[in-house]
Amino acid sequence: MDPYESGSLPAGGLCTVFVDRDPVIRVDTLGSRDRESGGGPIAPGIDSYLEERRFGLSVADSELIEEIPNEVRVWKDFAAVHVPCTESSGMDYTGMNVSIDLRGNVDRDFSDELKAIIEPYALDRIERMGPGVCDNP
């Protein structure tokens, strides 16, 4: 994603890297809200994020790495984090979901690597969105 002139990144979006026309990595960001007021899942948490984005994954099949303050879940080739946010007057997000999807890579377990990078990546990504998008409580 290209940054805005201010240097901040867009709040949501999906970015896919292809090698020989095959997707090898996808990173995604999507805000959530506790009430209906626009796009994104209504309920906070990874379960509603997976459903909203139609990833075809179940939290029951994941390993819960951390629950508080951020929900962090890892599969063998997918990782997601839900970070709670203070309400923003502009975006109205009460949470931000970030994922790394490596499911295009067959027969490899990336879970150890994903455990190490998903939360730091998500926090950096959210910070780069700029103030007022998802300020941490």
**OP:** Identify all residues within segment 3-22 that are at pLDDT below 85 and either among the aromatic types (Phe, Trp, Tyr) or over 15 Å from the mean Cα position of the chain (by Cα) (or both); write none if there are none.
**Re:** 3, 4, 5, 6, 7, 8
Original post:
Which pairs do you get when a residue that is within 19 Å of residue 109 (Cα to Cα), found in segment 18-29, comes within reach of a residue that is open to solvent by 80 Å² or more (accessible area, probe 1.4 Å) and in a strand (DSSP E or B), reach meaning Cβ atoms under 8 angstrom, with the pair 6+ apart or on two chains?
Top reply: 24/18; 26/14; 27/14
Original post:
Which strands (runs of 3 or more DSSP E) does segment 66-137 wholly contain that include 1 or more residues that are surrounded by fewer than 21 Cβ atoms within 10 Å (Cβ to Cβ) and not small (Gly, Ala, Ser)?
Top reply: 78-84
Subject >> Leading residue by the ranking (modelled with the highest pLDDT) among those in segment 30-42 that are loosely packed, with under 15 Cβ neighbours inside 10 Å and of a type outside the set (D, E, K, R) >> reply: 42
**OP:** Take residue 27 and decide whether it is modelled with pLDDT of 90 or more, open to solvent by less than 70 Å² (accessible area, probe 1.4 Å), of a type outside the set (S, T, N, Q) and farther than 15 Å from residue 124 by Cα.
**Re:** no
Original post:
In segment 101-137, how many residues are in contact with a Leu (Cβ under 6 Å, 6 or more places away or on another chain) and of a type in the set (A, V, I, L, M, F, W, C)?
Top reply: 2
Subject >> First in segment 79-90 and within 26 Å of residue 65 (Cβ to Cβ) and modelled with pLDDT of 85 or more, second anywhere and surrounded by 23 or more Cβ atoms within 10 Å (Cβ to Cβ) and polar (S, T, N, Q), Cβ under 7 Å, 6 or more apart >> reply: 79/99; 80/97; 80/99; 82/97
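The values are calculated or read from the model by the stated rules, or taken from the named source; none is laboratory data. Computed from a predicted model, the values in this text were never measured in an experiment. So basically every Cβ, Gly included, is an ideal-geometry build from the backbone, and we count neighbours across all protein chains shown. Ligands, DNA and RNA are excluded from the accessible area calculation, which covers all protein heavy atoms including side chains. Shrake-Rupley method; radii C 1.70, N 1.55, O 1.52, S 1.80 Å.
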